[in-house]
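The values are calculated or read from the model by the stated rules, or taken from the named source; none is laboratory data. Just so it is clear, the model here is predicted, and its values are computed rather than measured. Here the Cβ is made from the backbone with ideal geometry for all residues, glycine too, and neighbour counts use every protein chain on show. Ligands, DNA and RNA are excluded from the accessible area calculation, which covers all protein heavy atoms including side chains. Shrake-Rupley method; radii C 1.70, N 1.55, O 1.52, S 1.80 Å.
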Amino acid sequence: MEDEELAEHQKCCKRSHRPVFQLPTDEGGLICLMCFVALMSDHSAFLTHKLFAVSEFRHALDGHSFRTAFFHQHSHFVVPPLTEALSTSRDEKSGCLSKALMELILELCKSHSSALVESPCWDPGSLLRDFILHIILEVASPSNTSCRIGQNDMLHVLGLLLDSYCQYENVIPDAIRTYPDFLINIIAGLEQPGDQLRGEILFLLYKISSLEGGIEELLPFLSNLIYAAINALVKSESDDLRMNCIALLKVLAQKSVLSIGFQPKKIGAEDFMEHGACDFARDFAEALKGSLISSDSQVQIAALELLVYMCPSGNVHTTEIEVLIEAGIMDYLFELLRLSDMSNTMVPWAVRVLSILSEANDAFKQRFAIGLETLNWVLKCSLETALLPMQTDVLNLIHIGLTNYLGAIPCVSVEQILRTIVLIFQHSTSDNISLEYDSFNTACSACLALLRLPCVCSIREIESLLSSAVSSTFFCVSMAGLVGLEHRMLKHAVLLLKEVFSVSVIPYSPTDSCLIEVIINTIEVILLPFFLKNLALIEDEDTVRAVLEVLVTILDQPNSVVAWRLSDNLAAASWISVTYELMARFTSCSLRHLIMNLLGSLICVLERGNLDENIKNQFSQLPSDPHDVLVLLALSSVHDQQLKLIQFGIIKILYYNHIYGDRFAEGHTLACLDQYLLLNSSMLSPNFCSSLTIKQLICVYVCTMQRGDACDVPHSLEAENFLASVVDHCRPDLISSNMHRSVFSWLIRSETLQSFMATSTLDWIKAVGNAGRAEKLSPSPVVVDHHLGIQEDFNFSLLAFEEDYSCGPLFCRVLDEVLAGLIEDEIRIVVTFYIKLVKFSTLAANQLVMSGLVSNIRSWIAINRTKLEGVFCYLIELLHQLLCAVDCDKIFDEEPWNLLVEQFIYILADKLSMCVDAAVEELLSQLNIMSLVLHKSSENPGFLMQASGMILSNEQLQNAVASCLAISGSHNSKLLKLTAYSTDGKLLACLLAFHKLCLRW
């Protein structure tokens, strides 16, 4: 037994510590844990001895044998002495030991968690929790009423241990709950001087607050804690301390226990008096300024993040936000952005904070102009960098900041931003990618805010910028299509278009501005077709309202060519019917009122401003159902002035529906018009109704009646006869070059209106001639079908002959009346008009010839030739053109031509015999007709054979022609000097042509 004890004693260390505490190292040595612990606990031991021991212990941990043995049985044994040794290192000389101990503690915890120990009870985090417990006990001891500067290292290690602790558990350690003095002491330590100590405490508090249950433990100290952190931010210039303060405050804000509207219950810091939320916001702003201008970008980003979390969306205290702005936070943010070099990390946070500040609208606008140039720079950079997601937010800031802005903004800044926004639109179109909904709408809204600034009219090249903006926005809309939210894209684009138009008509002339042309082209080519094509898909009233408002705005421009052009396009696109379709789908009173305003403005502009204001005001009284509108028309308005005006408005609606090929409640219109004519006959007189309204009523009734006849819909003969009597009595100016075909046909065929039609047609021809504007004729006049919804602009005279075979007798009667008047100027105007007409229309020539025009002219020449010799050549020219244009197969009665040739033979023979220079023109005209008769007869066998025979068999004429040719041939030297434009030259050419035709025949 004694031998065993002796052997055991020999295995002990020099201090007789049991062998169980002696752990072997990989180098073959032994380390006695009892000696190590005793040395660490000995306050009188030399510092170098402790450093050497810690160094050897750390070196031994690298060995597998020592590490396995230590962690298997003895790891927790060293926790109290190491914690105690760390807590006693409180001067600069022991700083190296503190550092070594911190490194050892952290290494022990790390190695313990990764040690491979085969035991069912093994807990990798047990050593870590043990160290945390003992450090908390040390800090919470009654001797530590507050943390001291010497405890920096211990607090630092505890913070790092808590950081590692989070890997195992997210719940606050039990020791913190068990020992409340720990939190009391460390929070009291915040009042101690020294940035390092406060930094370690704040970091530790940040880690505690991040754990589950940590906030609950800190709540009793919340006010003191927050103001201590803010005080530290105000006084410190250390970026590490700032980061720890911000991290703590950010966690508190994230856990919803702190916001910009925080109201402290009790404030213990000496630097702060008891005050409310606004004062807290002001103190917070002052505390954060240093972090915002820090040289460390990470501190700046952390400060921006804190601002975001302190002002949660949806729970923003506007008053406190205003305090932040008044304290200058916006100025610091703009400066931060200016110096940020477009950091992809910093800029989004700064813009996000500005978005929060913008909710305090008035205060935000007061400081906004300072950062306008900076925001423009950010916006421009967003086109080419990873900042593209920021585009929407920056545009929204510009929109908020400039909407209803009362201050003065430099014109240069406005121009720069406007150019950038236009560039954004163009950038999306050039890359064939459409802007997202939010970006597009905010860009349009920002552009709207810019255009409402007073200085926008002073921008150079404003027309070019706005033209590009309008074109690009509608290109984006067309690319996006009308799917889901993109309906509102159309709305924003239209609102921008409306504002651009409002700007364009202030400083520039609407007729000369290229911007106006871009606007109207956009409406015609993109907006109207796009809107009508997708109308069934649009459910948003605001979108419809925006489209209608821009149309009304343009139509209401006084004496505007643009309004006239737009009205024609709207009517041609069946917008009168569209207005009623919109009223059927959207039933709100405000929208219905806007639709009726559009209808009234459209009719007014179509009337070129001649619409009676009293009639225009009645459009708002019209029903929203077309059938109900027609019911109003069928009522008697003899004793109701308002109903009379409403009915006049309905007539104008129906008129433009017919003119532009629209459809309006078909099937009931004719019956209602019959009823209107029968019940309101006394009202259709110049005393009660304008000539224009009567003309429109005639057009509407006749077109509807003829359409009804085609569908076997009966009409009232009494109403038709009454309408004819109205025409004969009022004699309105119906005949015009754009007269409706159906009306003209009805007027011609009405037996009671023959005299009226002759007089009206003559007046119209005379008006055309006196105005010095010949009717535009073309060889192939194009008639656009009404069913295509396009207004006709046809050559009245040509189409009159094509549409109705009664035109020939009418025009013959007109010529007879003017010839009977023996007024040379009138005859010349009418005959000149007929000559142009015949040149372009074989059909007109055929009808005139078959209606006896040749006989009438021949008779007049025979009787009145000597009275009006100046008219003779015109009539001869008309006969010549008739013979050129007439269809030989259509002339069944050649007798008028035979009599005409017989009459002209003797006149021509006499003139050739005298050959007076004064009568050469008349001679040439008659000679040409004779030649043309021979030519037509030779080219068309059987045609004008008798007339040609009379010419060839008349010896007097043949001798006169031969005599003239002989005389001309005798002057050989003269022939060489003749020109085609001289009188002798013309006569000789005509004689030779006549002679040749005679020989050929």
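For first residues located in the range 232-244 and under 16 Å from ALA302 (Cα atoms), partners that are assigned to a loop (DSSP other than H, G, I, E, B) and lie 6+ apart or on another chain with Cβ distances below 7 Å form the pairs ASP239/SER294; ASP239/ASP296; ARG242/SER236; ARG242/SER294.
Has the range 27-39 got any residue that is out of contact with any Leu (no Cβ under 9 Å at 6 or more places or on another chain), modelled with pLDDT of 80 or more, open to solvent by 20 Å² or more (accessible area, probe 1.4 Å) and outside any helix (DSSP H, G or I)? The answer is no, given that none of the residues of the range 27-39 is out of contact with any Leu (no Cβ under 9 Å at 6 or more places or on another chain), modelled with pLDDT of 80 or more, open to solvent by 20 Å² or more (accessible area, probe 1.4 Å) and outside any helix (DSSP H, G or I). Step by step: first the residues of the range 819-876, then only those that are open to solvent by less than 20 Å² (accessible area, probe 1.4 Å) and in contact with a Ser or Thr (Cβ under 6 Å, 6 or more places away or on another chain), then the one that is farthest from CYS807 (Cα to Cα). Which residue is that? In this case the residue turns out to be ILE876.
Considering only the range 217-256, state which residues are open to solvent by less than 30 Å² (accessible area, probe 1.4 Å) and not in a helix (DSSP H, G or I). Across the range 217-256, the qualifying residue is only SER236.
Looking only at the range 52-65, which residues are open to solvent by less than 50 Å² (accessible area, probe 1.4 Å) and within 22 Å of LEU86 (Cβ to Cβ)? Explain how you work it out, then say what you get.
Step one: of the range 52-65, the residues open to solvent by less than 50 Å² (accessible area, probe 1.4 Å) are 53-54, 57, 60-61, 63.
Hits for the range 52-65 are ALA53, VAL54, PHE57, ALA60, LEU61.
For the structure I just gave you, tell me whether ILE421 is open to solvent by 20 Å² or more (accessible area, probe 1.4 Å) and either at pLDDT 80 or above or in contact with an Asp or Glu (Cβ under 9 Å, 6 or more places away or on another chain) (or both). Before you say what the answer is, go through the steps one by one.
Values: open to solvent by 20 Å² or more (accessible area, probe 1.4 Å): no; either at pLDDT 80 or above or in contact with an Asp or Glu (Cβ under 9 Å, 6 or more places away or on another chain) (or both): yes.
No, not satisfied.
Where helices (runs of 4 or more DSSP H) sit wholly within the range 556-618, those with at least 1 residues that are among the acidic types (Asp, Glu) occupy 561-572, 575-585, 613-616. All conditions but one from (1) modelled with pLDDT of 85 or more; (2) within 60 Å of the chain's Cα centre (by Cα) apply to ARG177; the one that does not is (2).
Pick out the one residue from LEU548, LEU490, LEU527 that is more than 25 Å from ILE603 (Cα to Cα), in a helix (DSSP H, G or I), hydrophobic (A, V, I, L, M, F, W, C) and at pLDDT 85 or above. Step through it out loud before you land on a result.
Numbers: LEU548 fails: more than 25 Å from ILE603 (Cα to Cα); LEU527 fails: more than 25 Å from ILE603 (Cα to Cα).
Of LEU548, LEU490, LEU527, the one residue that is more than 25 Å from ILE603 (Cα to Cα), in a helix (DSSP H, G or I), hydrophobic (A, V, I, L, M, F, W, C) and at pLDDT 85 or above is LEU490.
Among the residues making up the range 378-403, those that are touching a residue at least 40 places away in the same chain (Cβ under 8 Å) and either open to solvent by 10 Å² or more (accessible area, probe 1.4 Å) or among the basic types (Lys, Arg) (or both) are LYS380, LEU383, THR385, ALA386, PRO389, MET390, THR392, ASP393, ASN396, HIS399, ILE400, THR403. Taken over the range 404-418, the criterion of being open to solvent by less than 60 Å² (accessible area, probe 1.4 Å) and either touching a strand residue (DSSP E or B) at 6+ places or on another chain (Cβ under 8 Å) or modelled with pLDDT of 85 or more (or both) is satisfied by CYS411, SER413, VAL414, GLU415, ILE417, LEU418.
Would you check if there is a residue in the range 104-119 being open to solvent by 70 Å² or more (accessible area, probe 1.4 Å), of a type in the set (A, V, I, L, M), at pLDDT below 85 and not in a helix (DSSP H, G or I)? Steps first, answer last, please.
As a first pass, look at the range 104-119 and keep what is open to solvent by 70 Å² or more (accessible area, probe 1.4 Å): 110, 114, 116, 118.
Next cut, of a type in the set (A, V, I, L, M) only: 116.
Adding the requirement that they be at pLDDT below 85 leaves 116.
Those left that are additionally not in a helix (DSSP H, G or I): 116.
Yes; the residues of the range 104-119 include at least one that is open to solvent by 70 Å² or more (accessible area, probe 1.4 Å), of a type in the set (A, V, I, L, M), at pLDDT below 85 and not in a helix (DSSP H, G or I).
Among residues of the range 594-605 that are open to solvent by less than 10 Å² (accessible area, probe 1.4 Å), those with a beta-carbon under 6 Å from a residue that is outside any helix (DSSP H, G or I) at least six positions away or on a different chain give the pairs SER601/ASP556.
Within the range 608-629, residues that are closer than 19 Å to ILE554 by Cα sit with their Cβ atoms under 7 Å from residues that are outside any helix (DSSP H, G or I), at 6+ positions apart or across chains, in these pairs: GLY609/ASN559.
Among helices (runs of 4 or more DSSP H) lying entirely in the range 147-205, which contain 1 or more residues that are in contact with a Cys (Cβ under 9 Å, 6 or more places away or on another chain)? If you could, list the steps in order and put the result at the bottom.
Numbers: elements: 152-165, 174-178, 181-188.
Of the helices (runs of 4 or more DSSP H) lying wholly inside the range 147-205, those with at least 1 residues that are in contact with a Cys (Cβ under 9 Å, 6 or more places away or on another chain) span 152-165, 181-188.
Does PHE46 satisfy being open to solvent by less than 30 Å² (accessible area, probe 1.4 Å), closer than 14 Å to LEU97 by Cβ and out of contact with any Pro (no Cβ under 9 Å at 6 or more places or on another chain)?
In short, no.
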